[in-house]
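Enquirer: After the structure tokens below, expect a handful of questions from me.
The values are calculated or read from the model by the stated rules, or taken from the named source; none is laboratory data. Given the structure is predicted, the values throughout are model-derived calculations rather than measurements. Every residue, glycine as well, gets a Cβ built from its backbone with ideal geometry; the counts of neighbours run over all protein chains shown. Surface areas here come from the heavy atoms of the whole protein model, side chains and all, with no ligands, DNA or RNA. Shrake-Rupley method; radii C 1.70, N 1.55, O 1.52, S 1.80 Å.
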Amino acid sequence: MAGAYELPLPDASADGYRADKVFHELTQPERALTEALRVLAPGGRIVLVGQDWDTCVIDSDDPALTRTLVHARADLTVGPRAARRYRNLLLDACFQGVTVAVHTRVFTGPAMLPMLTGLADAACFAGAVDRVQADGWTADQRARAEADRLFLAVPMFVAAATAPR
């Protein structure tokens, strides 16, 4: 098993590189891109996929509390805003033809309740809110799901580029 900073591949040996929901966990995304560039053949493609953890859209009766929960959860991630940096990271690493697209996933059913509960629990664990606030917010989201009124939108960023020839 290898890490993002030391890929077990020879120089210029790969035609493609994909990192799917990885860069928000890296302390040194620039180093990972240097390594990606090393293993990519000239003209090889790189694709980065991930969410910006500060940018979850959740309908609730308390938007300020929801914002606090989202940001507190984001702050528990090493690089919560890595996805919004994809373009500049790729440009700084000398990749060419950089493109970025955003695809927003919308969830309206109860299947996302564990994610929302986890968000509230993480914010409580981080000390951003107390247990009463977290439980009240979770109860509101559960009631929304039961009434078919839950709304969660998560933008996923997709960046692509080419290794220089």
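Enquirer: If I fit a long axis through the Cα atoms of helix 63-74 and take the longest principal axis of the Cα atoms of the chain, what angle between them do I get, 0 to 90°, rounded to 10?
Expert: Value to nearest ten degrees: 40.
Enquirer: Same structure, new question: Given a 1.4 Å probe and every protein chain left where it sits, what share in percent of the accessible area of segment 6-165 is carbon and sulfur?
Expert: 54
Enquirer: Can you tell me the orientation of helix 113-125 relative to the chain, as the angle in degrees between its alpha-carbon axis and the longest Cα principal axis, to the nearest 10?
Expert: 90
Enquirer: For the pair Asn88/Gln28, report the inter-label distance in nm, with labels modelled 7 Å from Cα in the Cβ direction.
Expert: If labels sit at Asn88 and Gln28, their model points lie 2.0 nm apart.
Enquirer: Next question, about the same structure. When the chain is fully extended, how far beyond the present Cα-Cα distance does Ala147 get from Arg67, taking 0.36 nm per residue of separation?
Expert: Length gained, Ala147 through Arg67: 26.5 nm.
Enquirer: Hey, quick one: spin label on Val106, modelled 7 Å out along Cα-Cβ, who in segment 66-84 has an amide N within reach, i.e. under 17 Å?
Expert: none
Enquirer: Still on this structure, I have one more. Where is the GNM fluctuation largest for the chain (alpha-carbon springs, 10 angstrom cutoff): Arg105, Arg73, Arg144?
Expert: Fluctuation is largest for Arg105.
Enquirer: Moving to a separate point now. Would you indicate which of [x] 56, 35, 34; [y] 55, 29, 26; [z] 60, 35, 34 is the value of Cα extents along the principal axes in Å derived from the coordinates of this structure?
Expert: Answer label, from the structure shown: [y].
Enquirer: Between Thr77 and Arg131, what is the label-to-label distance in nm when each label sits 7 Å out along the Cα-to-Cβ direction?
Expert: 2.8
Enquirer: Given a Förster distance of 41 angstrom, what is the FRET efficiency for Asp121 paired with Glu6, based on the Cβ-Cβ distance and rounded to 0.05?
Expert: 0.75
Enquirer: Working from Cα positions, state the angle (0 to 90°, nearest 10) between the long axis of helix 131-146 and the longest principal axis of the chain.
Expert: 90
Enquirer: Could you tell me the distance between the Cα centroids of segment 31-99 and segment 128-147, to the nearest Å?
Expert: Centre-to-centre distance over Cα atoms comes out at 28 Å.
Enquirer: While we're on this one: Please give the per residue accessible area of the chain, computed with a probe of 1.4 Å over protein heavy atoms only, in Å².
Expert: For the chain, the solvent-accessible area averages 53 Å² per residue.
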